[in-house]
Amino acid sequence: MLGPSMEGDRMRRTAIVLGLVLVAGSVFAGSASAGLGKPLVYEGPLGDGQTIQFKLVKRPDRPLAMREVEFSAELRCDDGTSQSWGVGLGWGGRLPSLPSHALDLDLLDSGTALHIHGKVQAVRGEGTFSYTIAALTEDETAQLCTTGELPWTVTRTVPPVENASAPTTLQVVRFVTDGARVTMTRTA
């Protein structure tokens, strides 16, 4: 019987995820040259030491948009076992936008739930993450495996940021004139 602890199953799962990441990576790499915008890559740790990476696209006169998200996750299951996952998700065509740099991603289907929330600014981002899957125990009983809610922090790596370890300053200026409200936010 194949189970999450079987080496063959883990290798197949890794190969499938790697294949998705390679295809999505090729699409992302080609997007800038196709005139779809300037690629921005942010990466950093999840609260449990695993990694997360966002590949975003900055296009003129449009909000920042998500092209791809990749993460490694260690899920704890109801039966006390754990599973290691590497996941890459990519979008083509209409990309999820990040209005005001807010990231609110909730993907649900019959077997998985992915929730990523936070804010991605010019240099850094932070928020929360959770990934849950439906799985079977060795005796084929249904169970859930989840990361639980974890914090994440990312720093832009593409294009590189000079002096990325320096603290990011945030300035917010609000103007109210003739009933119109304008908010300007500046980061680093």
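The values are calculated or read from the model by the stated rules, or taken from the named source; none is laboratory data. Keep in mind that what you see is a predicted model, and the values were worked out from it rather than measured. Using ideal geometry, Cβ is built from the backbone for each residue, glycine included, and neighbour counts are taken over all protein chains shown. For accessibility, only protein heavy atoms count, side chains too; no ligands or nucleic acids. Shrake-Rupley method; radii C 1.70, N 1.55, O 1.52, S 1.80 Å.
Ordered from largest to smallest accessible area (heavy atoms of protein chains, 1.4 Å probe), the residues V158, V123 come out as V158, V123.
In the complete set of protein chains, residue-level accessible area for I116 is approximately 0 Å², probe 1.4 angstrom. More than 21 angstrom separation, counting every C-alpha pair in the range 46-159; what % is that? Summing the P(r) tail past 21 Å for the range 46-159 gives 39 percent. Each Lys or Arg adds one and each Asp or Glu subtracts one; over the other residues with Cβ under 11 Å from the Cβ of H115, this totals -3.
What is the local net charge at Q50, summed over the other residues whose Cβ is closer than 12 Å to its Cβ (Lys, Arg +1; Asp, Glu -1)? Summing Lys and Arg as +1 and Asp and Glu as -1 gives -4. Counting heavy atoms of the protein chains alone, C77 has an accessible area of about 10 Å² for a 1.4 Å probe. On the beta carbon distance between K58 and L144, with R0 = 30 Å, the FRET formula returns roughly 0.25. To the nearest 0.05, how large is the calculated FRET efficiency for K38 and S84 if R₀ is 22 Å and r is the Cβ-Cβ distance? Rounded to the nearest 0.05, the efficiency is 0.10.
Residues whose amide H falls under 5 Å from that of V158, counting only those 5 or more places apart or on a different chain, are V41, with hydrogens built in the peptide plane. The modelled label-to-label distance between D104 and S130, using points 7 Å beyond Cα along the C-beta direction, is 1.7 nm. Sum up the charges of everything whose Cβ sits under 15 Å from the Cβ of M66, counting Lys and Arg as +1 and Asp and Glu as -1, but leave M66 out. Taking every Cβ under 15 Å from that of M66, the sum is +4. Under a 5 Å amide H cut-off, with hydrogens placed 1.01 Å from N, T128 pairs with H117, G118, W152 among residues at least 5 apart or on other chains.
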